[in-house]
Amino acid sequence: MSGGTVASQTQADREEFQADLAADNLQPLWDIVGRIAARAPSRGGVPIHWPWGGLRDHAMRAGNLITAEEAERRVLVLENPSFAGEGRATSSLYAGIQLILPGEIAPSHKHTASALRLIMEGEGAYTAVDGERVVMSPGDFVVTPSNTFHDHGNETDAPVMWLDGLDVFVVNLLNAPFGEEYPESAQPISRPDGYSLERFGRGMLPHGFVRSEARSPLFWWPYHHTRAALDGMRREEQADPSLGLRMDYIDPTSGQSPFKTMTASMSLFPAGYRGVPYRAISGAVMTVVEGAGTVRVGDETWHVTKNDVFVVPSWNWHSFTAEEDLVIFGFSDEVLQRHLGFWREERDAAAQIGIRA
């Protein structure tokens, strides 16, 4: 009898104690320790696949309904259902599909977040970064480093679409977002088209070159260069059992990723390739550049073809099978995870994807 009374009084006391803590903006650690100090990754989102046919239809419909002036950037955000309403593709990365119709300009602006784009459809639109313009083709990789003015335009007679990726959620976590609009819709061009590629993309540097800014002076990697590098790698090396033949994009003046927060890469999985299951602590967004195959992530299995987009969340077993030569672009937060000392990866031919702990 007395034991029940003590228990009742203890529960009432605890509830009163918690109410008093909440009133003073305090929280007992023992109630939330499992959420803030988990024993294993569990909040990276879920695997998700967007077939290109549906993405393209939605993007073109947006083009019919929303003007460039209304949208500023006409983008369909690729949102992971685990982060509904937040616009996240993974726990740390943003991704979207941007459309520019013939004659349109996406006005010049800059922001703290670094951005990348992988051209998916359309030939001949341009991106301008800090006074230099490049004309883009499918498979080209383009970056806009942090706090650099950039604008895009389409002077062709066909729509152009690309995959956007930004580290905006890392920026927001640190409460460091700043942005600015350029006074005119397009910035003045002060250097010849492709100048940075000619100067820095040939495996050479101007004599006496010293980096004056903590960013890559190269911002355009044409796909025909990338594909040639992959083909050369295939002639000389065996494909990794899990990662295939993978080339990472780098700043040629540092040998490091063009970003401090994101790693971008292009991978070739030769026809007939059957990958060993693999998982890593970095979450990734990927798109098919060429070919077709099967991707398995956790308990999900997808047949993927050109321009399909999919998410491989952090610490999810995944593997690739190629029916024909399969080329996949991906970006992740790997470089940041490595810099912070968090990096971890595993591969195991016997792993049961989505089941093994």
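The values are calculated or read from the model by the stated rules, or taken from the named source; none is laboratory data. Just so it is clear, the model here is predicted, and its values are computed rather than measured. Glycine gets a Cβ as well: all are built from the backbone with ideal geometry, and neighbour counts include every protein chain shown.
Couple of notes before you dig in:
- Apart from one condition, Ala214 fits all of (1) crowded, with 21+ Cβ neighbours inside 10 Å; (2) at pLDDT below 95; the exception is (1).
- Qualifying residue in region 206-222 (condition: within 20 Å of the chain's Cα centre (by Cα) and not in a loop (DSSP other than H, G, I, E, B)): yes
- Remark: pairs (first residue in region 272-290, free of Cβ contacts under 8 Å to residues at least 24 places away in the same chain; second residue part of a strand (DSSP E or B); Cβ separation under 6 Å; 6+ apart in sequence or on different chains) are absent.
Residues are listed down the side, and each one gets a yes or a no for (1) loosely packed, with under 12 Cβ neighbours inside 10 Å; (2) of a type in the set (Gly, Ala, Ser):
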{"site": "Ala23", "(1), (2)": "yes, yes"}
{"site": "Leu29", "(1), (2)": "yes, no"}
{"site": "Ile36", "(1), (2)": "yes, no"}
{"site": "Pro41", "(1), (2)": "no, no"}
{"site": "Arg56", "(1), (2)": "no, no"}
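- Failed item in (1) of a type outside the set (Lys, Arg); (2) in a loop (DSSP other than H, G, I, E, B); (3) surrounded by 13 or more Cβ atoms within 10 Å (Cβ to Cβ); (4) touching a Pro at 6+ places or on another chain (Cβ under 8 Å), with Gly203 passing the rest: (3)
Condition check ((1) surrounded by 16 or more Cβ atoms within 10 Å (Cβ to Cβ); (2) hydroxyl-bearing (Ser, Thr, Tyr); (3) touching a strand residue (DSSP E or B) at 6+ places or on another chain (Cβ under 7 Å)) across all residues:
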{"position": "Val46", "(1), (2), (3)": "no, no, no"}
{"position": "Gly63", "(1), (2), (3)": "yes, no, yes"}
{"position": "Ile66", "(1), (2), (3)": "no, no, no"}
{"position": "Ala71", "(1), (2), (3)": "yes, no, no"}
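- Filter result for the condition that a residue is touching a residue at least 12 places away in the same chain (Cβ under 8 Å) and in contact with a Leu (Cβ under 6 Å, 6 or more places away or on another chain), over Tyr182, Tyr94: Tyr94
- Residues within region 281-294 that are closer than 12 Å to Val312 by Cβ, hydrophobic (A, V, I, L, M, F, W, C), touching a Pro at 6+ places or on another chain (Cβ under 9 Å) and crowded, with 19+ Cβ neighbours inside 10 Å, tallied: 1
- Qualifying residues in region 314-331 (those that are small (Gly, Ala, Ser), within 19 Å of the chain's Cα centre (by Cα) and in a strand (DSSP E or B)) - the one farthest from Leu55 (Cα to Cα): Ser319
- Scanning region 114-131 turns up at least one residue that is out of contact with any strand residue (DSSP E or B) (no Cβ under 9 Å at 6 or more places or on another chain) and either farther than 19 Å from Val171 by Cβ or of a type in the set (S, T, N, Q) (or both).
- Helices (runs of 4 or more DSSP H) enclosed by region 17-113 - at least 1 residues per element that are closer than 29 Å to Val171 by Cβ and at pLDDT 90 or above: 29-36, 52-65
- Residue list for region 154-179, filter: surrounded by fewer than 21 Cβ atoms within 10 Å (Cβ to Cβ), closer than 26 Å to Gly139 by Cβ and free of Cβ contacts under 8 Å to residues at least 60 places away in the same chain: Glu155, Thr156, Asp157, Ala158
- Filtered residues of region 114-123 (kept if more than 29 Å from Ala176 (Cα to Cα) and not in a loop (DSSP other than H, G, I, E, B)): Met120, Glu121
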